[in-house]
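Written below as structure tokens is the structure these notes are about.
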Amino acid sequence: MNQFYTSTDHFTIIPALILVLFGCAILLFDFLVIPTPRHRKWLPLFAVLGEAFAGLGLWRQQAYLTRNGLSELTGFQGSVTIDGFSIFYNWIFVVSALIVAIVSYKYLENAGEHHGEYYGLILFAQSGMYFLATGTDLVTLFVGLELMALTFYVMVGFLRSDKRSNEAALKYLLLGAFSSGFLAYGFSLMYGIAGSTKLATVAAAISARSPWDPVVFLALTTASVGLLFKISAVPFHMWAPDAYEGAPTTVTAYLSVASKAASIAFLLRIYLGPLASARQVWEPLLSVIAVATLTIGNLAAMNQTNIKRLLAYSSISHAGYMLLGLIAGNSTGINGIAVYVMVYTFMNLGAFLVVVALRRSNIIGEDLDDIAGLMQKSPGYAVLMLIFLLSLAGIPPTAGFLGKYYIFLALIQTGHYALAVIATLFVAVAIYYYFKIVRSMFVREAPESSPLASTFGLRVALGVSGVLTLAIGVFPEPFLRFAQTSLGR
Amino acid sequence: MIAFLVLETMMIGTFAALDLTLFYLFFEGGLIPMFLIIGVWGGPRRVYASFKFFLYTLLGSVLMLLAILALYWDAGTTDIPTLMHHTFPRSLQNWAWLAFFASFAVKLPMWPVHTWLPDAHVEAPTAGSVVLASVLLKMGTYGFLRFSLPLLPEASADRTIVQILAALSLVAIIYGALVSLMQPDWKKLVAYSSVSHLGFCTLGIFALNPNGVAGSVIQQVNHGISTGMLFLIIGMIYERRHTREIAEYGGLAHVMPKYATVFAIAMLSSAGLPLLNGFVGEFTILQGAFEASRVWAAFAVTGVILGAAYLLWLYQRTMLGQVTNRKNLGLADLSARELAIFLPLIAWAVWIGVYPKPYFDVLQRPVTEIVERVRPNYGRGADDRLSSSARPRRPQNAMVCATCNPGGAQ
């Protein structure tokens, strides 16, 4: 501790360093080297390379932990901790950023906004996520959150000539800043209680007090506002449909998957860390919020005609399911969240990628009408979309079923029968609106229109998501073992 | 075709699974191809029908998932043979039983959650209807026999539950038959007759004695054969005339003699004429029901009569008399291909009707085990909760006698 900066410190944040370096390199490269806009299509390769190195860093961290039999490794005097949890969630971020990076080119070009900084922003956002999953210090976590949020504000408004995109970015920015304020307030109260920003110290200080202590209660509620905003839980979900609809679809995919996974990781760090001893306070609170989230998310999705908006509400309801895992709170539940996040990554990315392919130079391709007759036009896409939607709905034998299975199991194990029944009934509601898309694809006639915008990267990404969505459902064993690592053995 | 093969995989999986979770996986997975079969290749209201089918069945089965999870949590395994030897606490049994019931009752379908069935049947393509009637519905009865009864014996033997189930079955039998009588639509008529026949199956199961259960299983096979044939018959006439209005037909026997013959056999097998398969199943069920309660049997027998009534009347309206509609004059009779479809089914129907012993022999052991598990004292004279006169008897002898001496049922 006497040395300010050690090589261990370096090692604990190496993936984030790589991401930031590559992000800067992309910016410079785009500015100095790229001769014409046409050559920008090679930029994703940089992002892929950056992700590869970041993945290598993660892999080395993992190898280091297993080799030395450590369950965790802290750096920067306890500000960051790499453990099974952080590595698991970071793999999710790597995969989703990678997929988003390779599918964006054609979409942005069709929208007339293909710029180099897009890839830089993806990597910067991911480095913010890295700290959300790895940070064990209130300040580190907050900075990570802001880094992620700020880049997303920019990315949501990336279609500069599109009014909807601008409106979405502004809404997201205003509400996001407001919620960050709440979060900072809660964190400052925690600091006031503990006199330290380390999560472990805060946890000890809070558990020394009664959970109904007014200061603890205030810290809990204000921090919860910020946390729940990020995962778009009701009643802090208002931004999600607008932001999802207005943002470029590739950004929506990234936002709905990686940002949500990072926020869930953050949420778990806080609720199972400093706030663990106040469980009796937040458990009923979160139960109400989870039920409200499921209800509003599912019911509002039923009447949507815009696919992105529909998926936005569906992703709100998925946040509700993830919260239920936290409410159950036993190891099945926490592991269930990890499984859920993993399957959600692939199925939700996949569903959005199909919407990405619908965007052509003259067609926005976001309405239920635009996907009509997809089965006749490009059966491959239709069948993949069917798989993703079934998985989102949680129908076996797809991956989504597995995610819900563990959440329900955890609820039953901990005796939350009423919540379990409500949550399962909403599966049937969800089927209704997911199948509206299916109906449009399979039953309705295709309008005359240009072929789908398909690129090599998009096909690869869709193939990978589709195969994994099925594989996790059919042969879950290795994936479950992988998710188990998030519990740190 | 792909959808049908996937569906078949799922169905075989459902019936073969020896693990609750796996069973659930296949049970639900079967919905998807069926949804597509109805939704893509169905009739004019196919979208409505396919959604209704999917939502109804799903709503029931998600509750079953919860019950499966609860059983798993209590027993620590989802392996069915192991679970058979596990005794669950009574309160859990009741809740799990209700959850299983929700799923199977919708699948069966029992009255009053049967409303998806006519829609699904009418809108589905012929092949879809046949598979739906012959196999998919049996997942429900199979579920009762495989899970509800052996896994949750105390809840299943509960007096209230048995009474309610019997009442629901009787309502289904009579209601299904009455609605069938009134149907102007040929296919809908057969669909409602399914409700009535499945009512017999559940009545047999919840008579909770070897005769009832064995009869129920046989009747499930019978229903698959005879209703499957009826749906094929409707499909073939629909291919020729593109209408299912009964009023459009009449006197077809003059134009299509082979068709009329096959239809007669299918209809009589469905109505339960002795020497055909339907009789064996219905008679055994009635015997079981009679043993459990005379009132049940009395009501159920009216169902048999009504069944004969609507089927015979259907036959009379479509096949007999003079050809009333000129469009029907030029209809082609069954081709060799179509006959080849029916012949094995007819042969099978006659086999079960004339010599059902092999089937009952196969069934005897599992049925006895199921009944013993639900009513440990059955057949020892100690348990007369359901039957007015409980006396020990050997089930398979009764069966053989039933077929030696036909004629007592109607």
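The values are calculated or read from the model by the stated rules, or taken from the named source; none is laboratory data. These numbers were taken from a predicted model, which means no experiment stands behind them. Cβ sites come from the backbone with ideal geometry, for glycine too, and all protein chains shown count toward neighbours. Ligands, DNA and RNA are stripped out before the accessible areas are found, and what is left, the full protein with its side chains, is counted by its heavy atoms. Shrake-Rupley method; radii C 1.70, N 1.55, O 1.52, S 1.80 Å.
Hydrophobic (A, V, I, L, M, F, W, C) and at the interface with chain A (Cβ under 7 Å from one of its Cβ atoms) - does that describe any residue in the range B:16-28? Before the answer, list the steps.
Quick first cut of the range B:16-28, residues hydrophobic (A, V, I, L, M, F, W, C) only: B:16-18, B:20, B:22-23, B:25-27.
Now restrict to residues that are at the interface with chain A (Cβ under 7 Å from one of its Cβ atoms): B:25.
Within the range B:16-28, one or more residues are hydrophobic (A, V, I, L, M, F, W, C) and at the interface with chain A (Cβ under 7 Å from one of its Cβ atoms).
Condition first: part of a helix (DSSP H, G or I), touching a Leu at 6+ places or on another chain (Cβ under 6 Å) and open to solvent by 10 Å² or more (accessible area, probe 1.4 Å). Now tell me which residues in the range A:100-116 satisfy that. Break it down into steps so the answer makes sense when it comes.
Step one: of the range A:100-116, the residues part of a helix (DSSP H, G or I) are A:100-111.
Now restrict to residues that are touching a Leu at 6+ places or on another chain (Cβ under 6 Å): A:103, A:111.
Passing the criteria: only A:Ala111.
Which of the residues that make up the range A:34-89 are of a type in the set (Lys, Arg), open to solvent by 60 Å² or more (accessible area, probe 1.4 Å) and at pLDDT below 85?
Correct list: A:Arg38, A:Lys41.
Which ones in the range B:26-39 are in a helix (DSSP H, G or I) and either buried (at least 23 other Cβ atoms within 10 Å of the Cβ) or touching a residue at least 24 places away in the same chain (Cβ under 8 Å) (or both)? Let's see the steps before the verdict.
In the first step, residues of the range B:26-39 are kept if they are in a helix (DSSP H, G or I); the result is B:26-29, B:31-39.
Answer for the range B:26-39, where residues must be in a helix (DSSP H, G or I) and either buried (at least 23 other Cβ atoms within 10 Å of the Cβ) or touching a residue at least 24 places away in the same chain (Cβ under 8 Å) (or both): B:Phe27, B:Glu28, B:Gly29, B:Leu31, B:Ile32, B:Pro33, B:Met34, B:Phe35, B:Leu36, B:Ile37, B:Ile38, B:Gly39.
Enumerate the helices (runs of 4 or more DSSP H) found wholly within the range A:359-418, keeping only those where 2 or more residues are open to solvent by 10 Å² or more (accessible area, probe 1.4 Å), under 22 Å from A:Val257 (Cβ atoms) and more than 10 Å from chain B (Cβ to nearest Cβ).
Numbers: elements: A:374-377, A:379-393, A:399-413.
Counting at least 2 such residues, we get A:379-393.
Can you find a residue in the range B:42-61 that is open to solvent by less than 30 Å² (accessible area, probe 1.4 Å) and at pLDDT below 80?
yes
Restricting the search to the range B:80-98, which residues are away from chain A (no Cβ under 14 Å) and buried (at least 16 other Cβ atoms within 10 Å of the Cβ)?
Going residue by residue through the range B:80-98, those that are away from chain A (no Cβ under 14 Å) are B:80-87, B:90, B:93, B:97.
Scanning the range B:80-98 gives B:Ile80, B:Leu83, B:Gln93, B:Trp97.
State the number of residues belonging to the range B:38-52 that are within 15 Å of B:Leu132 (Cα to Cα) and away from every other protein chain (no Cβ under 11 Å).
Residues flagged as within 15 Å of B:Leu132 (Cα to Cα) and away from every other protein chain (no Cβ under 11 Å) within the range B:38-52 amount to 1.
Restricting the search to the range A:419-469, which residues are within 10 Å of chain B (Cβ to nearest Cβ), open to solvent by 40 Å² or more (accessible area, probe 1.4 Å) and touching a Ser or Thr at 6+ places or on another chain (Cβ under 9 Å)?
Result: A:Arg439, single match.
Taking helices (runs of 4 or more DSSP H) that do not extend beyond the range A:248-304, which have at least 1 residues that are more than 30 Å from A:Glu113 (Cβ to Cβ)?
Qualifying helices (runs of 4 or more DSSP H): A:260-271, A:279-301.
So B:Val113 fits all but one of (1) open to solvent by 10 Å² or more (accessible area, probe 1.4 Å); (2) part of a helix (DSSP H, G or I); what number is the exception?
Going through (1) open to solvent by 10 Å² or more (accessible area, probe 1.4 Å); (2) part of a helix (DSSP H, G or I) one by one, B:Val113 breaks only (2).
Need a quick list: helices (runs of 4 or more DSSP H) entirely within the range A:1-77 having at least 1 residues that are closer than 23 Å to A:Leu132 by Cα, charged (D, E, K, R) and touching a strand residue (DSSP E or B) at 6+ places or on another chain (Cβ under 6 Å). Reasoning before the result, please.
Numbers: elements: A:7-12, A:14-32, A:43-67.
Here the list reads A:7-12.
So, in the range B:62-79, of the ones that are open to solvent by 20 Å² or more (accessible area, probe 1.4 Å) and part of a loop (DSSP other than H, G, I, E, B), which residue ends up nearest to the other protein chains (Cβ to nearest Cβ)?
Restricting to residues being open to solvent by 20 Å² or more (accessible area, probe 1.4 Å) and part of a loop (DSSP other than H, G, I, E, B), the top hit is B:Gly76.
Looking at the range B:11-25 only, could you name the residues that are open to solvent by 10 Å² or more (accessible area, probe 1.4 Å) and not in a helix (DSSP H, G or I)?
B:Leu18, B:Asp19
Applying the selection to the range B:290-348, what residues are free of Cβ contacts under 8 Å to residues at least 24 places away in the same chain, part of a helix (DSSP H, G or I) and polar (S, T, N, Q)?
B:Gln316
For A:Leu58, which of the numbered conditions (1) without any contact (Cβ under 8 Å) to a residue 40 or more places away in the chain; (2) in contact with a Pro (Cβ under 9 Å, 6 or more places away or on another chain); (3) more than 23 Å from A:Gly457 (Cα to Cα) fails to hold?
Condition (1) is where A:Leu58 drops out.
How many residues are open to solvent by less than 30 Å² (accessible area, probe 1.4 Å), closer than 12 Å to B:Ile218 by Cα and among the aliphatic types (A, V, I, L, M) if we restrict to the range B:325-362?
Counting residues in the range B:325-362 that are open to solvent by less than 30 Å² (accessible area, probe 1.4 Å), closer than 12 Å to B:Ile218 by Cα and among the aliphatic types (A, V, I, L, M) gives 2.
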